[in-house]
Amino acid sequence: GFINLVGRTLNGLQSDAKIVVLDATNNYHWNDTYSFAGLNDEFTAVITNNAGTLTTVGYTTIAPNNEDLLLRKYTQGGALIWHTTFDAFGENDRAIKVLEDNDGNYLVLANVTQGAQKDVYIYCFEGTSGNLLWEERISDDPTSNETALNLEANMLGDIYVTYAIQGITKTKAYNYEEVHYPLDNEPFSKGSLILEAAGR
């Protein structure tokens with residue numbers, strides 16, 4: 001029955017990550033602002049589970065040209081449960097979508113920069129602490145830049161990742177068991193489904 005809004009708010013020359021929660025009749029319930037190092041921070045997505053807890057993801061800028069993944073988990077009333085940041089390769093990393101799995105852990109879709117290369121990753125964070133459990137690279141072209149677009153799942157345990165590469169939008173489907181138990185950071189199986197649509 002609540003409406004959860006996430007994004008950023010301007011504070012002088014910087015932007016701070018912001019979440020505002022309204023009740024079902026659009027009345028103010030609570031808000032929280034996250035700021036670090038006087039640079040730019042932003043929440044890009046939020047989810048609520050059956051227990052009423054909210055999990056936000058986005059990015060925090062810890063130094064010029066160095067963004068880290070940002071995750072914050074709140075109670076329904078706005079109390080912070082845990083907070084975590086994650087630095088993939090010391091460059092620009094942005095979380096754009098989040099899902100909660102059946103074990104209460106969080107799958108986070110992210111854009112990750114490694115030098116001149118931009119890749120798409122899924123990170124799994126433990127639901128009660130925010131600790132990283134595992135990570136997997138989704139994109140499969142080592143010479144091209146990819147951009148993460150969307151992360152979805154269904155009740156059958158299928159996960160759908162949509163990303164763009166060289167003007168092509170790709171949607172790939174994975175069985176949950178494939179992403180839940182990755183071995184030695186080997187790539188996921190790509191055999192389930194590939195949908196491609198040219199365009200911008």
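When the residues of region 6-44 are filtered to those that are under 21 Å from the mean Cα position of the chain (by Cα) and not in a strand (DSSP E or B), which remaining residue is surrounded by the most Cβ atoms within 10 Å (Cβ to Cβ)?
Asn40
Which numbered condition trips up Leu69, out of (1) open to solvent by less than 10 Å² (accessible area, probe 1.4 Å); (2) within 14 Å of the chain's Cα centre (by Cα); (3) under 15 Å from Asp32 (Cα atoms)?
Only one criterion is unmet by Leu69, namely (3).
Glu91 passes all but one of (1) more than 14 Å from the chain's Cα centre (by Cα); (2) of a type in the set (Asp, Glu); (3) at pLDDT 95 or above; which number fails?
Condition not satisfied by Glu91: (3).
Could you grab me the full set of residues in region 129-145 that are open to solvent by 70 Å² or more (accessible area, probe 1.4 Å) and of a type in the set (A, V, I, L, M)? Steps first, answer last, please.
In the first step, residues of region 129-145 are kept if they are open to solvent by 70 Å² or more (accessible area, probe 1.4 Å); the result is 131, 133, 140, 142-143, 145.
Once the filter is applied, which keeps residues that are open to solvent by 70 Å² or more (accessible area, probe 1.4 Å) and of a type in the set (A, V, I, L, M), region 129-145 yields only Leu133.
If Gly78 passes every condition in (1) in contact with an Asp or Glu (Cβ under 9 Å, 6 or more places away or on another chain); (2) farther than 15 Å from Thr53 by Cβ; (3) among the small types (Gly, Ala, Ser) but one, which one does it miss?
Going through (1) in contact with an Asp or Glu (Cβ under 9 Å, 6 or more places away or on another chain); (2) farther than 15 Å from Thr53 by Cβ; (3) among the small types (Gly, Ala, Ser) one by one, Gly78 breaks only (2).
Consider Ala79 carefully, then state whether it is farther than 16 Å from Val108 by Cβ, exposed (fewer than 14 other Cβ atoms within 10 Å of the Cβ) and modelled with pLDDT under 95. Before the answer, list the steps.
On the way: farther than 16 Å from Val108 by Cβ: yes; exposed (fewer than 14 other Cβ atoms within 10 Å of the Cβ): yes; modelled with pLDDT under 95: no.
So Ala79 fails the test.
Could you look through region 99-120, keep only residues that are open to solvent by 20 Å² or more (accessible area, probe 1.4 Å) and over 16 Å from Lys73 (Cα atoms), and pick out the one that is modelled with the lowest pLDDT?
Going through the qualifying residues, I end up with Asn102.
Residues of region 146-190 being within 15 Å of Glu135 (Cβ to Cβ) and either modelled with pLDDT under 85 or loosely packed, with under 14 Cβ neighbours inside 10 Å (or both), which ones?
Residues of region 146-190 that are within 15 Å of Glu135 (Cβ to Cβ), as a first pass: 148, 151, 159, 161, 174, 178-188.
Listed by number, the residues that qualify are Tyr174, Glu178, Val179, His180, Tyr181, Pro182, Leu183, Asp184, Asn185, Glu186, Pro187, Phe188.
If we only count strands (runs of 3 or more DSSP E) wholly inside region 125-167, which ones have 1 or more residues that are over 19 Å from Asp87 (Cα atoms)? Before the answer, list the steps.
Working: elements: 132-137, 146-153, 158-165.
In region 125-167, 146-153, 158-165 are the strands (runs of 3 or more DSSP E) which contain 1 or more residues that are over 19 Å from Asp87 (Cα atoms).
Considering Ile3, Ile96, Ile47, Ile62, which residue is touching a residue at least 12 places away in the same chain (Cβ under 8 Å), under 22 Å from Ile138 (Cβ atoms), surrounded by fewer than 20 Cβ atoms within 10 Å (Cβ to Cβ) and β-branched (Val, Ile, Thr)?
Working: Ile3 fails: under 22 Å from Ile138 (Cβ atoms); Ile96 fails: surrounded by fewer than 20 Cβ atoms within 10 Å (Cβ to Cβ); Ile62 fails: under 22 Å from Ile138 (Cβ atoms).
Of the residues listed, the single one that is touching a residue at least 12 places away in the same chain (Cβ under 8 Å), under 22 Å from Ile138 (Cβ atoms), surrounded by fewer than 20 Cβ atoms within 10 Å (Cβ to Cβ) and β-branched (Val, Ile, Thr) is Ile47.
I'm trying to understand the selection: among the residues of region 114-136, which are in contact with a Phe, Trp or Tyr (Cβ under 6 Å, 6 or more places away or on another chain) and under 17 Å from Thr169 (Cα atoms)?
If the condition is that a residue be in contact with a Phe, Trp or Tyr (Cβ under 6 Å, 6 or more places away or on another chain) and under 17 Å from Thr169 (Cα atoms), then Val120 is the only one that fits.
The values are calculated or read from the model by the stated rules, or taken from the named source; none is laboratory data. Every value quoted in this text rests on a predicted model; they were computed, and no experiment measured them. So basically every Cβ, Gly included, is an ideal-geometry build from the backbone, and we count neighbours across all protein chains shown. Accessible surface is based on the protein model in full, side chains and every heavy atom, while ligands, DNA and RNA are left aside. Shrake-Rupley method; radii C 1.70, N 1.55, O 1.52, S 1.80 Å.
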